[in-house]
Amino acid sequence: MTVRNEAELAALLRIGRIVGLTLQHMGAAIEAGMSTAELDAIGARFLQQQGARSAPILTYNFPGHTCISINDEAAHGIPGQRLIQAGDLVNIDVSAEMDGFYADSGSSFGVPPVSDARRRMLATGRQALDAAIDAARAGRRLSAIGKAVERVTRPAGYRIIRELGGHGVGRGLHEPPHAIPHYFNRAARDKLREGMVLTLEPFLTTGKPHIRKADDGWTLRTIDGALAVQFEHTVVITRGAPVLVTAV
């Protein structure tokens with residue numbers, strides 16, 4: 001989607017704030033011993049109270065209102081009876097629709113007590129998203145995003161999962177451009193345009209930068225069982241710093 005007027009921007013910001021608040025609400029509720037289904041139910045209730053609908057259910061009939069992925073699960077984890085354990089890295093990905101507009105955000109959380117190594121990984125993931133946001137400006141090539149992310153992740157010893165990237169969003173959950181790389185890819189030469197609505201979401205791993213689909217048909221795991229974290233915002237591209245649609 002490309003934002004054409006103030007009314008569209010206002011509608012995006014409304015659903016973006018709801019998505020951001022839902023993510024914040026769920027993150028604050030995480031505790032060892034709860035199931036991922038219980039955590040998902042907290043998000044489902046919050047979305048319903050705000051008048052928003054789960055985008056994964058609406059778009060793909062996903063078996064959960066949100067995606068909850070733990071440790072080596074990079075994305076699309078199905079909420080269920082799995083119990084969250086102390087020390088886990090829990091990724092929550094929230095996307096929702098209201099009045100025909102969509103927004104998407106995600107964050108990884110450490111369940112106390114969190115080891116120094118995992119705390120460092122979370123901090124680097126946040127820094128990687130900040131770098132992606134700072135690089136995403138009208139007139140620059142898509143490759144600038146991945147280049148900026150790798151300036152943060154490579155020195156810290158992390159790799160970016162190649163098969164997972166950002167995408168267009170706004171009038172649907174997934175729109176062109178698809179698979180915006182968060183690693184440096186010279187072939188990503190298309191230029192960012194003012195008003196484009198995108199998700200920026202680097203996926204970091206401590207191991208090989210690839211994933212496999214689990215037997216449930218949804219969950220994406222690292223191929224070697226290495227940890228993964230993800231941080232994500234929906235943004236609107238401008239000539240300066242992007243508008244953070246899902247910020248709260």
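The values are calculated or read from the model by the stated rules, or taken from the named source; none is laboratory data. This structure is a prediction, so every number in the text was calculated from the model and none was measured. Note that each Cβ is placed from the backbone with ideal geometry, even for glycine, and that neighbours are counted across all protein chains shown. Each accessible area value is taken on the protein alone, full model and side chains, heavy atoms only, with ligands, DNA and RNA left out. Shrake-Rupley method; radii C 1.70, N 1.55, O 1.52, S 1.80 Å.
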Six or more apart or on different chains, Cβ under 9 Å: which pairs go from a residue in region 14-33 that's free of Cβ contacts under 8 Å to residues at least 24 places away in the same chain to one that's open to solvent by 90 Å² or more (accessible area, probe 1.4 Å) and of a type in the set (Asp, Glu)? Could you list them?
29/38
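Residue by residue, here is whether (1) within 22 Å of residue 82 (Cα to Cα); (2) crowded, with 19+ Cβ neighbours inside 10 Å; (3) touching a helix residue (DSSP H, G or I) at 6+ places or on another chain (Cβ under 8 Å) holds:
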{"residue": "31", "(1), (2), (3)": "yes, no, no"}
{"residue": "43", "(1), (2), (3)": "yes, yes, yes"}
{"residue": "49", "(1), (2), (3)": "no, no, no"}
{"residue": "52", "(1), (2), (3)": "no, yes, yes"}
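Being assigned to a strand (DSSP E or B) and either under 23 Å from residue 98 (Cβ atoms) or free of Cβ contacts under 8 Å to residues at least 24 places away in the same chain (or both) is the filter here, so list the residues in region 34-60 that pass it.
Across region 34-60, the qualifying residues are 53, 54.
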Scan 139, 207, 157, 170 and give me the residue that is touching a Lys or Arg at 6+ places or on another chain (Cβ under 8 Å) and at positive phi.
139
Exactly one condition in (1) under 17 Å from residue 151 (Cα atoms); (2) open to solvent by 10 Å² or more (accessible area, probe 1.4 Å) is not met by residue 204; state its number.
(2)
Right, residue 9: assigned to a helix (DSSP H, G or I), aliphatic (A, V, I, L, M) and either under 21 Å from residue 175 (Cα atoms) or open to solvent by 30 Å² or more (accessible area, probe 1.4 Å) (or both) or not?
yes
Given the condition closer than 27 Å to residue 65 by Cβ and at pLDDT below 95, answer yes or no: does some residue in region 178-189 qualify?
yes
Check region 137-145 and report whether any residue there is open to solvent by less than 20 Å² (accessible area, probe 1.4 Å), touching a residue at least 12 places away in the same chain (Cβ under 8 Å), under 26 Å from residue 72 (Cα atoms) and touching a helix residue (DSSP H, G or I) at 6+ places or on another chain (Cβ under 8 Å).
yes
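Find the strands (runs of 3 or more DSSP E) located wholly in region 172-248 whose residues include 1 or more that are out of contact with any Asp or Glu (no Cβ under 6 Å at 6 or more places or on another chain) and acidic (Asp, Glu), and list them. Step through it out loud before you land on a result.
On the way: elements: 175-180, 197-200, 203-205, 211-213, 220-222, 228-230, 233-236.
Answer list for region 172-248: 175-180.
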Go through the residues of region 163-183 one by one and say whether even a single one is within 25 Å of residue 27 (Cα to Cα), of a type in the set (Phe, Trp, Tyr) and either in contact with a Leu (Cβ under 6 Å, 6 or more places away or on another chain) or open to solvent by 10 Å² or more (accessible area, probe 1.4 Å) (or both).
no
Contact list please: Cβ distance under 9 Å, first residue in region 164-184 and among the hydroxyl-bearing types (Ser, Thr, Tyr), second residue part of a loop (DSSP other than H, G, I, E, B), pairs at least six apart or on different chains.
183/161; 183/162; 183/165; 183/202; 183/209
